[in-house]
Structure formats: C-alpha cells, structure tokens
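S.K.: Pasting a structure below so you can have a look.
The values are calculated or read from the model by the stated rules, or taken from the named source; none is laboratory data. What you are looking at is a predicted structure, and each value in this text was computed from that prediction instead of being measured. Glycine gets a Cβ as well: all are built from the backbone with ideal geometry, and neighbour counts include every protein chain shown. Heavy atoms of the whole protein, side chains included, go into the accessibility calculation; ligands, DNA and RNA do not. Shrake-Rupley method; radii C 1.70, N 1.55, O 1.52, S 1.80 Å.
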Amino acid sequence: MTQASHLPLTQLSEEERLFFTTVRKFAEETIAPQVQSMDSEQQFAAGLVKQLFDLGLMGIEVPEALGGAGGSFFDAVLAIEAISTVDPAVAVLVDVHNTLVVNALRRWATPAQQQQWLPRLASDTVGAYALSEAGSGSDAFALQTRAETVAGGYRLNGRKLWISNAREAGLFIVFATVDPGAGYRGITAFLVEKGTPGFTVGRKEDKLGIRASSTCELIFDGCEVGEENLLGELGKGYKIAIETLNEGRIGIGAQMLGLAEGAWGHAVRYAKERRQFGKPIADFQAVQFTLAEMATEIEAAKLMVYNAARLKDASLPYMREAAMTKLFASEVAERVASQCVEVFGGNGFVRDYPAEKYYRDAKVGKIYEGTSNMQLATIAKSVLSSR
Ligand SMILES: Cc1cc2nc3c(=O)[nH]c(=O)nc-3n(C[C@H](O)[C@H](O)[C@H](O)COP(=O)(O)OP(=O)(O)OC[C@H]3O[C@@H](n4cnc5c(N)ncnc54)[C@H](O)[C@@H]3O)c2cc1C
C-alpha cells in the first residue's frame, strides 16, 4: 500500500508559518493597543489602513507582476485568522478586500481592468462589495438598483445597504440589474470608482460589533459609468456574486476562528491570574473543563477552515465545505466568546476588559455573507442531492 504523502491539515509550511507569525505580531503590537478606542470611536486609527497595505496584506493573491504578494487563498485565510485574534473589525476590511473584491477582479476582470485596478488594490485603494439592499438580503437577486444603457455605458440608480469598507474604499463592485423583468439573469456587476458623479456614500450604521469597520448605505443617483466599467458579462453578475461569496464564506470562517482563538487566549490568561478561594480560578476543574471545551471546538473549526481553504487552492469542489465552515465557525465563535465572558465573571461584562467585545463581534458571523439559515439551505441541497 502506498503511503499518503499529505501533511496534517494544520501543519503550516515554513513560509505559511512565517507569514502567520508576522501578521500576528503586527496585530498584537500595532492593532491591539488601539482596539478599544477604535471600537468606541467607530473608526480605524489614522494610518492603520496604510500599514495594512505596506505589510502586503491588501494584495495577498494579486500576482507579483501587478504589485501583489502572489500568495495563495490559504495565505489570505491565515492573515484574516491572525488579525481576528486581536480585532475582527480590522480583519473584515482585509477579508472583503481580498476574498471578494480582489478575487472577483482576478477571475472576471479583463486584462485591461486588471492592469488598471490590481496594482492599486495592492498598494493604496480599498475595495468594497455592494450586493445587499434594504429589500434584498438573503434574497439577494431581488435587488432593485437599476443600470440603464446610455451612450457609451450605463446609468446607475438605486441604493445599497450594509456595505463594508464603504468609508475607506476607492473602488466598489456594484451589482445592478440591466433588465428587472429578467430576474437574476439581468444582474450585472460594475466597477464604480469613488468620486464618480452621482455616487455618494450615505449613512454609516451604528453597530453591535465590529464597530470600527464602516458599514454604510450607497446612493446612486444618475451615476454614469463607461462600458469599460462592466465586470464580466452583461447579465452574468449573479454568477460573480454566487462564486465570490462561496469563497468569501471561508474568509468569514477564518475571521470567526481567529476571534475564538483570541477570546480563548484571554480566558486562559485571566483564569491563571484571577484568584478566588485562595487559588487561581484555573485550578478549579469546572474552569479547566470550560477552557478544554473551548479549545476542542476551536480545533474542529480550524480543521474545517483550513480544509476548505486548501480544497479551494487545490481547485477541488469546496462549496459545501465553505458553507459548513462558516456555519460552524460562527457558532463556535459565539459559544467561545460567551464562555470567555463567563470566565472573566463581572469583568467579562464591562468594556475595561477584552471579553465583551469578542462576544459582540461574534454575532455578525451568523449574519453576513449569507445567514446561518442560508448556509443550512446550501448544505441541505448539497447533501440531499448527492444521496
Ligand atoms: C456588519 C455587516 C456588514 C455587511 N457587509 C456587507 C457588504 O459588504 N456587502 C453586502 O452586499 N452586504 C453586506 N451585508 C449584508 C448581509 O449580507 C445581509 O445582512 C445578510 O445577507 C442578511 O440579509 P438581511 O439582513 O436582509 O436579512 P434577511 O434576509 O431579511 O433575513 C432575516 C432572517 O430571516 C431568515 N431568512 C430569510 N430568508 C429565509 C429563507 N428562505 N429560509 C430560512 N430563513 C430565511 C434569515 O436567515 C434571517 O434569520 C452586511 C451586513 C452586516 C450586518
């Protein structure tokens, strides 16, 4: 019998380990001291986004010839995980930019569009991904934003809601319909640059968690873009949305994994320091078992995140695994963050300690890039059709 040559899933190559350690160090040294103030001020610290670019974290999969790091999807997942251990709000900026925007441009942009945008996305321009609207969330393809054909291009009218990175972004992928009567077959993706006349970023949401990340409304009021701004084919935007979100879900899984790891680390440190009944609370078996349960769930989530990402890099089917990963990792994040709050006792309930923020940040994992019910629908369809 031939021996399997595969490495264990969580075994990182030397390069991957170095990359993860570098990003984690940056998160701990540079992001950690600013987490609380960014959360209460609801914005990223001045200069932080530039530091993410300088570290090569905004062009992970952009080819080196176009100014990127020429890395893998797994590398992007490692970066999102490492940043999320410290601040899931910063991680979502990196996640949306890399796994949705850069990914869509790498797959569907023309060579001219790639030459124009990928170097900028890798060096100084944040990307945003605008699919959701007030009336279309889970039912994303019921979107109402309209793209009419005009001489030399298209005119966009409508409103998007919940758009991450909107305040920081210079490039927006906007989904609109060129034919409302055609249902999902009318949906088309456009590249819209910040500052295009007729396009404004509207109200910023005041959120429960990931508060430093900007989540805003976008308003299109007679916004004209040229034919060269069409991303992919006319009427094929639904395919871009489905396929980018399939991949993006693994990124959210990584965000939730990192969040759980960060919360666990704080819980362990606190349990070793906090003394009751004359000894550290970590000496009590009940606390030990809580920490052990948290660690076990984190290990399971990590295996799922890493497997889904490695399947994607190996060009193997991963849609089912991506949905399972997001579903499970977001549940683990919520449970682990909740247990972390309890290990901290009263201190878990106040803003002076890190526990409550992880708990608030965890909730969104079950909502964006497809709610848990939508993941279950994808998984059910997949498992039932293969029987
Ligand atoms: C912080 C944040 C950032 C976001 N960033 C972005 C972004 O960058 N770009 C973007 O396009 N969107 C973004 N979104 C939007 C997000 O993707 C949607 O909120 C999400 O898809 C859910 O849509 P909804 O809010 O309209 O909820 P709804 O679709 O109204 O769902 C409400 C509830 O009904 C359930 N439900 C709905 N339909 C069904 C069904 N058929 N079967 C079973 N249950 C169902 C859902 O599971 C959920 O529990 C963001 C959202 C948040 C909160």
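S.K.: Inside the range 10-46, can you point out the residues that are acidic (Asp, Glu) and closer than 20 Å to residue 164 by Cβ?
M.R.: Residues of the range 10-46 acidic (Asp, Glu): 14-16, 28-29, 39, 41.
Listed by number, the residues that qualify are 39, 41.
S.K.: Residues that are within 13 Å of the ligand (Cβ to nearest atom), within 18 Å of the chain's Cα centre (by Cα) and crowded, with 16+ Cβ neighbours inside 10 Å, at least 1 per element: which strands (runs of 3 or more DSSP E) completely within the range 142-250 meet that?
M.R.: On the way: elements: 146-150, 153-164, 169-177, 187-193, 199-204, 215-226.
In the range 142-250, the matching strands (runs of 3 or more DSSP E) lie at 153-164, 169-177, 215-226.
S.K.: I'd like the full set of residues that are assigned to a helix (DSSP H, G or I) and open to solvent by 10 Å² or more (accessible area, probe 1.4 Å), limited to the range 64-91.
M.R.: Residues of the range 64-91 assigned to a helix (DSSP H, G or I): 64-66, 73-84, 88-91.
Hits for the range 64-91 are 64, 65, 66, 75.
S.K.: Restricting attention to the range 290-305, does a residue exist that is crowded, with 17+ Cβ neighbours inside 10 Å, within 16 Å of the ligand (Cβ to nearest atom) and closer than 30 Å to residue 275 by Cβ? Walk me through how you get there before you give the answer.
M.R.: Step one: list which residues in the range 290-305 are crowded, with 17+ Cβ neighbours inside 10 Å, which gives 290-291, 294, 297-298, 301-302, 304-305.
Of the ones still in play, those that are also within 16 Å of the ligand (Cβ to nearest atom) are none.
So far as the range 290-305 goes, no, none of its residues is crowded, with 17+ Cβ neighbours inside 10 Å, within 16 Å of the ligand (Cβ to nearest atom) and closer than 30 Å to residue 275 by Cβ.
S.K.: OK, next. Kindly check whether there is at least one residue in the range 127-141 that is closer than 25 Å to residue 30 by Cα and crowded, with 23+ Cβ neighbours inside 10 Å. Show your work before the answer.
M.R.: The first filter runs over the range 127-141 and keeps only residues closer than 25 Å to residue 30 by Cα, leaving 127-128.
Now drop any that are not crowded, with 23+ Cβ neighbours inside 10 Å, which leaves 127-128.
The answer is yes; a qualifying residue exists.
S.K.: Can you confirm whether residue 18 is farther than 20 Å from residue 213 by Cα, without any contact (Cβ under 8 Å) to a residue 24 or more places away in the chain and surrounded by fewer than 18 Cβ atoms within 10 Å (Cβ to Cβ)? Give the derivation first.
M.R.: On the way: farther than 20 Å from residue 213 by Cα: yes; without any contact (Cβ under 8 Å) to a residue 24 or more places away in the chain: yes; surrounded by fewer than 18 Cβ atoms within 10 Å (Cβ to Cβ): yes.
Yes.
S.K.: Answer yes or no as to whether residue 61 is surrounded by fewer than 23 Cβ atoms within 10 Å (Cβ to Cβ), part of a helix (DSSP H, G or I) and among the acidic types (Asp, Glu).
M.R.: Details: surrounded by fewer than 23 Cβ atoms within 10 Å (Cβ to Cβ): yes; part of a helix (DSSP H, G or I): no; among the acidic types (Asp, Glu): yes.
It is false that residue 61 is surrounded by fewer than 23 Cβ atoms within 10 Å (Cβ to Cβ), part of a helix (DSSP H, G or I) and among the acidic types (Asp, Glu).
S.K.: The conditions are (1) buried (at least 18 other Cβ atoms within 10 Å of the Cβ); (2) in a helix (DSSP H, G or I); (3) within 16 Å of the ligand (Cβ to nearest atom), and residue 122 fails exactly one of them. Which is it?
M.R.: (3)
S.K.: Here's a follow-up. Hey, can you tell me all the residues within the range 335-365 that are within 30 Å of residue 382 (Cβ to Cβ) and buried (at least 20 other Cβ atoms within 10 Å of the Cβ)?
M.R.: Step one: list which residues in the range 335-365 are within 30 Å of residue 382 (Cβ to Cβ), which gives 335-338, 361-365.
Result: 336, 337, 361, 362, 364, 365.
S.K.: On to the next question. I want to confirm something. Restricting to the range 92-119 and keeping residues that are of a type in the set (S, T, N, Q) and open to solvent by 20 Å² or more (accessible area, probe 1.4 Å), which single residue is farthest from the ligand (Cβ to nearest atom)?
M.R.: Our first condition is that a residue be of a type in the set (S, T, N, Q); within the range 92-119, this holds for 98-99, 103, 110, 113-116.
From the residues that got through so far, the ones that are open to solvent by 20 Å² or more (accessible area, probe 1.4 Å) too are 110, 114-116.
Working: 110: 23, 114: 22, 115: 25, 116: 22 Å.
Out of the qualifying residues, it is 115.
S.K.: While we're on this one: Considering only residues that are over 18 Å from the mean Cα position of the chain (by Cα), aliphatic (A, V, I, L, M) and surrounded by 11 or more Cβ atoms within 10 Å (Cβ to Cβ), which ones fall in the range 39-54?
M.R.: Result: 45, single match.
S.K.: Which residue pairs have Cβ atoms under 8 Å apart, sit 6 or more places apart or on different chains, and have a first residue in the range 31-48 that is assigned to a helix (DSSP H, G or I) and a second that is exposed (fewer than 15 other Cβ atoms within 10 Å of the Cβ)?
M.R.: Correct list of pairs: 36/351; 40/351.
S.K.: Give me the pairs: first residue in the range 271-285 and closer than 22 Å to residue 354 by Cβ, second residue of a type in the set (Val, Ile, Thr), beta-carbon distance under 7 Å, and six or more apart or on different chains, which are they?
M.R.: 271/281; 271/287; 271/343; 274/281; 281/287
S.K.: Specify which of the listed residues (309, 323) is within 16 Å of the ligand (Cβ to nearest atom) and either part of a helix (DSSP H, G or I) or out of contact with any Lys or Arg (no Cβ under 8 Å at 6 or more places or on another chain) (or both).
M.R.: Details: 309 fails: within 16 Å of the ligand (Cβ to nearest atom).
Going through 309, 323 in turn, the sole match is 323.
S.K.: Find the residue count for the range 354-383, including only residues that are more than 8 Å from the ligand (Cβ to nearest atom) and free of Cβ contacts under 8 Å to residues at least 12 places away in the same chain.
M.R.: Adding up the residues that qualify gives 2.
S.K.: Any residue at all in the range 3-19 that is in contact with a helix residue (DSSP H, G or I) (Cβ under 8 Å, 6 or more places away or on another chain), in a helix (DSSP H, G or I) and among the hydrophobic types (A, V, I, L, M, F, W, C)?
M.R.: Residues of the range 3-19 in contact with a helix residue (DSSP H, G or I) (Cβ under 8 Å, 6 or more places away or on another chain): 9-10, 12, 16, 19.
Subset that is in a helix (DSSP H, G or I): 16, 19.
Going one step further and asking which of them are among the hydrophobic types (A, V, I, L, M, F, W, C), we end up with 19.
Within the range 3-19 (the criterion being in contact with a helix residue (DSSP H, G or I) (Cβ under 8 Å, 6 or more places away or on another chain), in a helix (DSSP H, G or I) and among the hydrophobic types (A, V, I, L, M, F, W, C)), the answer is yes, since at least one residue qualifies.
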